[in-house]
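Heads up, the thing below is written out as structure tokens.
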Amino acid sequence: MAPSGSRSIKKGCQRVLYWIPVLFIALIVAWSYYAYVLQLCIESIDDTGEKVVYLLVYHVIFIMFVWAYWQTIFTKPMNPLKEFHLSYSDKELLEREDRGESQQEILRRIAKDLPIYTRTNSGAIRFCDRCQLLKPDRCHHCSVCDKCILKMDHHCPWVNNCVGFSNYKYFMLFLAYSLLYCLFITATDLRFFIKFWTNGLPDTQAKFHILFLFFSASMFSVSLASLFTYHCWLVCKNRSTLEAVRSPVFRHGTDKNGFSLGVSKNFRQVFGDEVKYWPIPVFSSLGDGCSFPTCLVNLDPEQPVSPTGSNPANKSAAEVRQFPSKPLRDSQSRLLTSTPSWTESDSAADKDKKGASNPGMTIENEA
């Protein structure tokens, strides 16, 4: 009982420590609200019209920023569906096998009925020993959450949550609105910041809040701008942070652009089809997080040679197909409705032919 009790105490302490970065951000935001609304707008601005405009715009940005941050923190990451978990009989069968190749045969048999098209660097089926499941494409195990997370991007300490399929849109909006928040404060505080150094402000406590507000907002703007720009690039390329570090592996090999469908479709995978929902922190991403469409050939200028060595001119730049998703549940993805998708009626021989000629339709896995 002692070891079990000590482990629970350790986990409890860790959970408290994980909330420290979030508490730090919350305190900074609370102070910035006090400094901007009370000390800057109410105490330092004399013009009523200017004061109203500043407060109105500020509160709109502030509400959207807090809303997106809240959604990023408290939206639970999605885990693989039960179809990806091993059954009790499969677990027993896997445990009885000692050789790695025999275990891989069992995993390949299970994976053939699932929409899994990525593998490890060694070509093995991606399997999580901890969760006892076959990993869906773009799914990774988070050591902090101790769970497999669908389309995992990274575990962010500033939100104390895994950023993945369920909350990546919220994370992007959080970065966008926090950057806008800091830029707005910096721009409207600049005039009073200059007055501080020219002794144009009254000698009150407001002048020190104005000074530190400008410094903190401008410094956060620089770091947020770089992070937001990087994630915008990832969205346009349809990559996660993990995939940018280590490219996904398909049957034909590594392909960093294997999931890229073009900037427009890549963007809509994260933000959805309806423009009215793009700036709002509500879920509108396309798909189910377990299966993803992919390009047939690599059309990115960073990789001029197609994996098969075939002539890219023979295939249209818009020629994209969706992998044959098994009916785990109806996919929300409507990205590829304009192009034909595979059906269950395709013969096994036909699939083998397509697999040999289409390098994009491959299976990857990762340890």
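The values are calculated or read from the model by the stated rules, or taken from the named source; none is laboratory data. These numbers come from a predicted model, not from an experiment. Neighbour counts are summed over all protein chains in view; Cβ atoms, including those assigned to glycine, are modelled from backbone coordinates with ideal geometry. Keep in mind that these areas ignore ligands, DNA and RNA; they rest on the heavy atoms of the full protein, side chains included. Shrake-Rupley method; radii C 1.70, N 1.55, O 1.52, S 1.80 Å.
About its Cα centre, the dipole of segment 66-172 is roughly 360 debye, where the only charges are +1 on Lys and Arg Cβ and -1 on Asp and Glu Cβ. The string of couplings for segment 165-180 from the Karplus curve (6.51, -1.76, 1.60, θ = phi - 60°) is 4, 6, 9, 5, 4, 4, 5, 5, 5, 4, 5, 5, 6, 5, 5, 4 Hz, one whole number per residue in order, with x for Gly and Pro.
A P(r) calculated from all alpha carbon pairs of segment 82-163, with 5 Å bins opening at zero, reads 3, 14, 25, 23, 17, 10, 6, 3, 1 percent. Protein heavy-atom accessible surface, 1.4 Å probe, per residue over segment 82-163: 49 Å². When the C-alpha to C-alpha distance is required to be over 19 Å, the pairs from LYS237/LYS276; LYS51/LYS195; LYS82/LYS151; LYS147/LYS256; LYS169/LYS256 that qualify are LYS237/LYS276; LYS147/LYS256; LYS169/LYS256. Computed extension length for LYS91-CYS13: 24.7 nm, one decimal, from 0.36 nm per residue of separation with the Cα-Cα distance subtracted.
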